[in-house]
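First up is the structure itself, then whatever we jot down about it.
Any read-out appearing in this document is the output of simple, stated calculations on the displayed coordinates, not a laboratory observation. Model, not experiment: these values are computed from the prediction. Neighbour counts run over all protein chains shown; Cβ positions are idealised from the backbone, glycine included.
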Amino acid sequence: MNKKGHVLNAILLAIGLGYVLQPTGDVETFVTIAELFVPLVLGALFPDVDTAFGKHRKTLHNLPVLAVFLAYPIYFGNLRFVWIGVLTHYVLDVVGSKRGIALFYPLTKTEYGLPVGVTTSSKYADAFTVAITLGELAVLAAVQFFVVDLNTGAPREAVAALIAGLPI
Ligand SMILES: [Zn+2]
């Protein structure tokens, strides 16, 4: 996907996720959208820095890079939500375009993608991006309500019970 597609995806995701995290539909919702907006757009733009440094769709399009962005809010208390921007970039590249990404780089250069994508120059690229974003929002809403509170990182009751029941 090209930069326009990634920015469109991040903006729509920030708006939708704002309503998922703060469903009241009042000023708090708009504050949440504002809070998400810049981290998501920055995260969504970051992986394609590897068009200039390293190998495109490999160097900054893999799970270790995502892990680094996930670790920042946990260990340093900053860059909150940027990982969602990076993750949505991966999803859009894997699902929305013809070419995949090297998720396990540098272990393997193999690029993984789904055969459903359109070329980045296709006239359907924007519609496809919007459809993928809606799918992502459904998944994020399910995570928010059933798995973990994305605001606090606290697991939901059923997940907490499951973790407590693990034989470790
Ligand atoms: Zn990319």
TODO: Please work out if Leu8 is within 14 Å of the chain's Cα centre (by Cα), within 16 Å of the ligand (Cβ to nearest atom) and free of Cβ contacts under 8 Å to residues at least 60 places away in the same chain.
DONE: no
TODO: Determine if segment 57-64 includes at least one residue that is part of a helix (DSSP H, G or I), surrounded by fewer than 19 Cβ atoms within 10 Å (Cβ to Cβ) and hydroxyl-bearing (Ser, Thr, Tyr).
DONE: no
Open item on the list: Give me the residue from segment 86-102 that is within 12 Å of the ligand (Cβ to nearest atom) and assigned to a loop (DSSP other than H, G, I, E, B) and, out of that set, farthest from Lys4 (Cα to Cα).
Closed with: Ala102
Open item on the list: All but one of (1) in contact with a strand residue (DSSP E or B) (Cβ under 8 Å, 6 or more places away or on another chain); (2) among the aliphatic types (A, V, I, L, M); (3) more than 15 Å from the ligand (Cβ to nearest atom) hold for Met1; state the number of the condition that does not hold.
Closed with: (3)
Open item on the list: Condition first: surrounded by 12 or more Cβ atoms within 10 Å (Cβ to Cβ) and either acidic (Asp, Glu) or touching a Gly at 6+ places or on another chain (Cβ under 9 Å) (or both). Now tell me which residues in segment 135-160 satisfy that.
Closed with: Glu136, Leu137, Leu140, Ala141, Asp149
- [ ] Out of the residues in segment 35-50 that are out of contact with any helix residue (DSSP H, G or I) (no Cβ under 8 Å at 6 or more places or on another chain) and of a type outside the set (D, E, K, R), state the one that is farthest from Leu79 (Cα to Cα).
- [x] Val49
Open item on the list: Looking at segment 106-142 only, could you name the residues that are within 18 Å of the chain's Cα centre (by Cα), of a type in the set (Phe, Trp, Tyr) and assigned to a loop (DSSP other than H, G, I, E, B)?
Closed with: none
TODO: Scan segment 148-168 for residues that are under 19 Å from Gly18 (Cβ atoms) and not in a loop (DSSP other than H, G, I, E, B) and report the count.
DONE: 1
Task: Positions within segment 19-46 being over 24 Å from Ala71 (Cβ atoms) and surrounded by 17 or more Cβ atoms within 10 Å (Cβ to Cβ), in sequence order - done: Gln22, Thr29, Ile33
Open item on the list: Of the residues Val91, Val49, only one is under 26 Å from Gly117 (Cβ atoms) and either crowded, with 20+ Cβ neighbours inside 10 Å or under 12 Å from the mean Cα position of the chain (by Cα) (or both); which?
Closed with: Val91
TODO: Residue by residue through segment 113-129, note down the ones that are among the aliphatic types (A, V, I, L, M) and surrounded by 14 or more Cβ atoms within 10 Å (Cβ to Cβ).
DONE: Val118, Ala125
